[in-house]
1. Could you identify which residue out of Asn220, Asn144, Asn299 has the top mean-square fluctuation in a GNM of the chain using Cα springs shorter than 10 Å?
2. Which value, in Å to one decimal place, does the Kirkwood hydrodynamic radius take for segment 244-381 when every pair of different Cα atoms is included?
3. Below 8 Å between Cα atoms, with a sequence gap of 6+, how large is the relative contact order for segment 340-381 in percent?
4. Taking Rh as the Kirkwood radius computed over C-alpha pairs, what is the Stokes-Einstein D of segment 1-139 at 4 °C in a medium of viscosity 1.567 mPa s, expressed in µm² per second?
5. List, largest first, the extents of the alpha carbons of the chain along their principal axes, each in whole Å.
6. Given charges of +1 on the Cβ of Lys and Arg and -1 on the Cβ of Asp and Glu, with all other atoms neutral, how large is the dipole of the chain about its Cα centre, in debye to the nearest 20?
7. For the chain, give me the percentage of DSSP beta bridges that are antiparallel, rounded to the nearest 5 percent.
8. Which trypsin sites (Lys or Arg not before Pro) from segment 233-301 combine a DSSP loop assignment with at most 15 other Cβ atoms within 10 Å?
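Just so you know, all these numbers are worked out from the coordinates, no wet-lab data involved. Small disclaimer: the values here were computed from a predicted structure and weren't measured. Reconstructed Cβ throughout: ideal geometry from the backbone, glycine too, with neighbour counts over all protein chains shown.
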Amino acid sequence: MKIDQIEPTPSVALADLSRQLKAEGKNIITLQTGEPDFDTPLFIKNQVKLALDKNRTKYSFSSGLPELKSLIAKTYKDSSQLNIDKDQFIITAGAVQGIASVISAIVELNDEVIILEPAWPTIKSLVINNGGIPKCISFLDKENLLKNIEEQITSNTKLIYLNFPNNPTGQLITSKLYVSILELLKKYNILVISDEVYEFFDFTEDPNYKLPPERLEYENFICINSFSKKYCMTGFRIGYIYTKNLENLKKIALASQINVTNIPEFTQYAAISAISHPKTKNFTKKLYKVFKQRFEIINKALINSKISALDSGGAFYKFIFIGMDDKYFSEKLLLDYSVCVVPGSAYGSCGRNYIRITFAEDLDQVMEGLRRITELYNKLK
C-alpha cells in the first residue's frame, strides 16, 4: 500500500471549503458534484422498505443476488444481441469499489496502468495505492491516440483505463476508434477497464459514437457500471462488474469479497426494482429528456458567453477553458462569487487551465453559476 504517495485533489479541498462557507450561512452554487438533482424514485425506495420488512438484512451471496445478476445480464443481452450470462457479473458497492477490486486483483507491484486523461483522479490513486505505476496520456489528440497508446506500452503494461462518455469532459470517441484500441490491446494481451457509469447520458444521435456491442466479446474487456446516475441512487452504493473472462472474474470476485464480503440485500432489491419496475421506463425517459435539454441550453449559453469549452456529447459535465491558473480561478470563484467548481488540473496535466462544471444541478442555478464564471473570466483575462 502506497497511501503516503497519494495527495488530496484540489476538488476535495474546494468542496470542503464550500461546505464550510455554507455552514457559515453563505449561499453557494455547487457545480462540482456529479449527482443528479432528481430524487430516487418512490417505487425504488418502497422496495427498500419492503425488503427491510421481510428481514432482507442478513449476509448475502458474495458476488450478488442471482436474480439481480440475471436481470442485468438480460439488459445487456437485449441491447447487444450477444449471449450474456448472469455468471459473468459481480455486484459491487458502487463503481469505485468495482474498479478498486479489479485493480487489486490484476495489478501487482510495478505493473504499469495506462490512464487516458482527463480522468477521474481516484483511478490514479487506486493504481498507486496498489503498488502500480500510472502512465497517463491525453486522449484529446484523437488522431494520434492509437500511436500514443502504443508508444506507452512496455512488457510491464498490465491494464488500460477507458471512460466514455468521459468524466470530466463529456467527450465520446467513435465506435471505430474504440474497436481499434481494443484490437491494439489484444495484440499485446493488455486488459481493459471500461468505466461506463455515464453510458445512459449519451446525447449524440450519431450511431458512430455509440459504445460498440462487440466490446463485450473481448476476453480482456472488463466493464464497470453503476445504478447511481441512471436511477438516481448515488447513496445506495451499488454497481457491478462484467467480463467474459471467467478466470479474471474469479480473481476479481475474490478481491471484492475481501474488500466488502457482500452487498446489503435490501439495496440489491432496490436495484432489482430499478431495472424491472413498470414505472422505470417513464422515469428514465424523463430524466434523459431533462438532461438533454440542459445539455443543449448550456451549449448555447457557452457560445453566447464567448467562453470556449471542449465539444462533448455525453455525461453531464462541461470542461471550460479559462486560459489561466485553474486552481487560482476556482478558489477566487468560490470566495468572491460563491460558485464551487473543480479545477481541470485535478483530472491530469492536460486539464490545466480548464474548469469542470456539472449541469446535474437545477438549471437556474447552473445558468447563474455560468453567468458568474463569465463575469470573473472577463475580469481576469
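1. With Cα springs under 10 Å in the chain, the top fluctuation among Asn220, Asn144, Asn299 is at Asn144.
2. 18.0
3. Working: 24 pairs, mean separation 10.5, N = 42.
Reported as a whole number, the value is 25 percent.
4. Here the translational diffusion coefficient equals 68 µm²/s.
5. On the principal axes, the chain reaches 57, 53, 44 Å in Cα extent.
6. 840
7. Rounded to the nearest five, the antiparallel share is 45 percent.
8. Values: sites: Arg237, Lys244, Lys250, Lys251, Lys279, Lys281, Lys285, Lys286, Lys289, Lys292, Arg294, Lys300; in loops: Arg237, Lys244, Lys279.
In loop regions of segment 233-301 (DSSP not H, G, I, E or B), the sparsely surrounded trypsin sites (Lys or Arg not before Pro) are Lys279.
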